[in-house]
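The values are calculated or read from the model by the stated rules, or taken from the named source; none is laboratory data. Note that the structure is a prediction, hence the values are computed from the model and not measured. Here the Cβ positions follow ideal geometry from the backbone for every residue, glycine too, while neighbour counts run over all protein chains shown.
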Amino acid sequence: MRARLALLRRQPIISIGLVAINVAVFLLCKNFGKLIYMGDLDPVRVLNYNEYGRILWSIFLHNGIDHLFNNMLILFFLGSMIENEVGHVRYTVLYFLSGIGGNLVSLYAKVVNNEFAASVGASGAIFGLDGALLAMVLFSDKRMENVTMPRVLLMIICSLYNGFVGGNIDNAAHVGGLITGFAAATAMCVFRRWRHRGNRYYK
């Protein structure tokens, strides 16, 4: 029984679940096109009509199959690695905090720049996983095989660069998610170190 539980803990069940939900929502939107407009991050609907749920729902929406495929590919492989390191619950918290943080920064940037186009996508949450990985490399007391500071920084720089040179991309959500994920994972790593140090002290 313990062996089965230990095996289950190592499986990326949250990452797989998130991918499945995103694909299911995409298929629903393809069949019922108006659904995407009911959940996109429309600053007018959020700020003027208090539809704050869009800050969360838009994380599960995608504009097209390429958008979905690229995000889900990264989510599965990067998410599986981080989920295995931090556990299912912490990983879930990191993912949703990053997505919400990215969307809040996106809303702020749209208001400041007087740009009110709606946006969708899991990119903010996924960039948060990039930020979390960077924090884990810097502050975690556990080392991850083949994960080094230069590799993580290169991945983040390339991802940001692709966003800024591309068209019709919500880069504010990317940056906001990255910062949120980094901050949240840093707090988790610091707390873990503090707790382990306290356990050693009282033994």
Residue under evaluation Phe77, criteria (1) buried (at least 16 other Cβ atoms within 10 Å of the Cβ); (2) under 16 Å from Ser123 (Cα atoms); (3) free of Cβ contacts under 8 Å to residues at least 40 places away in the same chain, criterion not met: (1)
Meets criteria (under 17 Å from Thr186 (Cβ atoms) and either touching an Asp or Glu at 6+ places or on another chain (Cβ under 8 Å) or modelled with pLDDT of 95 or more (or both)) for Leu61: no
Residue check for Leu134: out of contact with any Asp or Glu (no Cβ under 6 Å at 6 or more places or on another chain), buried (at least 24 other Cβ atoms within 10 Å of the Cβ) and within 25 Å of Trp194 (Cβ to Cβ): no
Residues within region 148-182 that are farther than 18 Å from Ser106 by Cα and either touching a residue at least 24 places away in the same chain (Cβ under 8 Å) or buried (at least 17 other Cβ atoms within 10 Å of the Cβ) (or both), tallied: 3
Scope region 29-75; condition of a type in the set (S, T, N, Q) and touching a strand residue (DSSP E or B) at 6+ places or on another chain (Cβ under 8 Å); matching residues: Ser58
Positions within region 105-118 being out of contact with any Phe, Trp or Tyr (no Cβ under 9 Å at 6 or more places or on another chain), closer than 15 Å to Arg45 by Cβ and crowded, with 19+ Cβ neighbours inside 10 Å, in sequence order: Ser106, Leu107
Qualifying helices (runs of 4 or more DSSP H) (wholly inside region 93-203; at least 2 residues being modelled with pLDDT under 95 and of a type outside the set (A, V, I, L, M)): 149-165, 171-202
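Please find, among Gly99, Gly87, Gly121, Gly79, the residue that is touching a Ser or Thr at 6+ places or on another chain (Cβ under 7 Å) and small (Gly, Ala, Ser).
Gly79 is the lone residue from the list that is touching a Ser or Thr at 6+ places or on another chain (Cβ under 7 Å) and small (Gly, Ala, Ser).
Matching residues to (1) more than 17 Å from the chain's Cα centre (by Cα); (2) surrounded by 16 or more Cβ atoms within 10 Å (Cβ to Cβ); (3) at pLDDT below 95; (4) not hydroxyl-bearing (Ser, Thr, Tyr):
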residue: Ile14; (1), (2), (3), (4): no, yes, no, yes
residue: Ile21; (1), (2), (3), (4): no, no, no, yes
residue: Lys34; (1), (2), (3), (4): yes, no, yes, yes
residue: Tyr37; (1), (2), (3), (4): yes, no, yes, no
residue: Asp40; (1), (2), (3), (4): no, yes, no, yes
residue: Pro43; (1), (2), (3), (4): yes, yes, no, yes
Test result for Glu85, over 25 Å from Val111 (Cα atoms) and surrounded by fewer than 18 Cβ atoms within 10 Å (Cβ to Cβ): yes
